Amino acid sequence: MNAKLTTLTAVLAAAAAFAHPAFAQEATPDGFATVQSTVSRAAVHADTVAALKAGTIERGEASVDHRVFVSVKTRDQVAAEAREALRLGVVAHGEGPAPVVTPAQAESIRLAGLATLTHTLASR
């Protein structure tokens, strides 16, 4: 028993000695390089906004979006619609394909939100 424990300990120690985490880095012609930024996030943001205003860059995936979105639904409406979507099984999970929502299911989700809104207004 003691020999097995010693062997197991030696194997685990050897595995720990050779195990090291792998980090993704950008490949360069001379190997791998770690780049340390010298500019703050705020400075990059300010430069991006200035370039957008000057027209030197175009708005795209990597650009800054300053639009403000205001919800027209109450918190209770959104929660009721989410519960109905979960009940109907039309909420995507994991990396699989998103479920297709039928018009009838979409209407059921919409009505669930409206019912909550009607109930909230009636209770006031």
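The values are calculated or read from the model by the stated rules, or taken from the named source; none is laboratory data. Note that the coordinates shown come from a computational prediction; the quantities given were computed from them, not determined experimentally. Ideal geometry is used to build each Cβ from the backbone, glycine not excepted, and the neighbour counts take in all protein chains shown.
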Taking interchain pairs and intrachain pairs at least six residues apart, which have beta carbon atoms under 8 angstrom, with the first residue in segment 68-79 and under 18 Å from Glu107 (Cα atoms) and the second assigned to a loop (DSSP other than H, G, I, E, B)? Val78/Ser71
For Val78, are the conditions met, namely being part of a loop (DSSP other than H, G, I, E, B), modelled with pLDDT of 90 or more and closer than 16 Å to Ala112 by Cβ? no
